[in-house]
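Read-outs: derived from the displayed coordinates by stated rules, not from any lab. Every value quoted in this text rests on a predicted model; they were computed, and no experiment measured them. FYI the Cβ positions are ideal-geometry reconstructions off the backbone, even for glycines, and counts take in every protein chain you see.
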Amino acid sequence: MASPALLIFVAVGLDGLAGLAGGVLSERWLQRYLPALVGFAAGTLLCAVFLDLLPAATEAQGPRAFTWAFASFVALAFLEWSLGHHHHTHPPAHGEPEAHAHRPPTLPVTLLASDALHNVGDGAAVAAAFLVSPRAGVATALAVIVHELPQEVGDYALLRASGWKRGRALLALAGVQLTAAVGAVGVLVGSHWLPSLNGTVLAIAGGSFLYIGAVDLLPELRHGGQSRQRIIGFVAGLVLIVALQLVEGALGLHD
């Protein structure tokens, strides 16, 4: 089996590619499938939190894991409120009114700075999860990638709406995606000096993913049309993470 470090940077690289999807995917494709994608992101995030991240964090940290998870949940809430709740903005789905699809505009520098901070956390979470087990790493990486896609598409749309040209917007987003590697390297290096770091990072990731899935994404499934597509996407996300657990059990891979 590949080393955890190799798996971590493959996952971070795929996450970076997802961050550039706004300049590659057609607007028609996004309008057609975005409801299912948002549902899929919510399903994978919430399932990964309760079946992988929090159990692994609790095993490593004990009850303190829930303190870290709650602290990250509250901190992310305050961060989003202070930044005008721009994250997880997305283009309007088919039949969805423009006013609902877009959050209030945010200055590009603020947008990119908060996105960079978010990506550092994602990279750290992916690294910590792979250091615990392959299944936890794959589940976390999938959850990060699928919720990154609609978020970054929304960020790309905001940069374009602010007057940035396509090339400049993609270059800026590509630079921001590199910050995920900073988080991953920080965990890889720090875990050698502080063995409890992995459990703390997983607990923090669990709290933040729970916030994103339950507060940001789940309410999106109740608005607009195409409810069937949204529900199918949500259930598919749940099934995928459960399937990863079943495959790990069948192959005899244990945490």
Problem set entry | Projected label distance in nm at Gln245 and Arg160, using a 7 Å step from Cα toward the beta-carbon | 3.9 nm
Problem set entry | By average C-beta atoms within 10 angstrom, highest first, the peptides 209-217, 154-162 | 209-217, 154-162
Exercise. Using +1 on the beta carbon of Lys and Arg, -1 on that of Asp and Glu, and nothing else charged, what's the dipole of segment 12-249 about the Cα centre, debye to 20?
Worked result: 360 debye
Exercise. Excluding Val201 itself, what net charge comes from residues whose Cβ is under 15 Å from its Cβ, given Lys and Arg +1 and Asp and Glu -1?
Worked result: -2
Exercise. Which three semi-axes in whole Å describe the equivalent ellipsoid of segment 12-249, each the square root of 5 times a Cα gyration tensor eigenvalue, listed largest first?
Worked result: 28, 20, 16
Exercise. What net charge is computed for the residues neighbouring Ala143, neighbours being all others with C-beta under 14 Å from the C-beta of Ala143, Lys and Arg scored +1, Asp and Glu -1?
Worked result: -4
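Arrange the peptides 131-144, 49-62 so that the one whose residues have, on average, the most other Cβ atoms within 10 Å appears first.
Details: 131-144: 24.2, 49-62: 21.1.
Ranked from most to least packed, the peptides come out as 131-144, 49-62.
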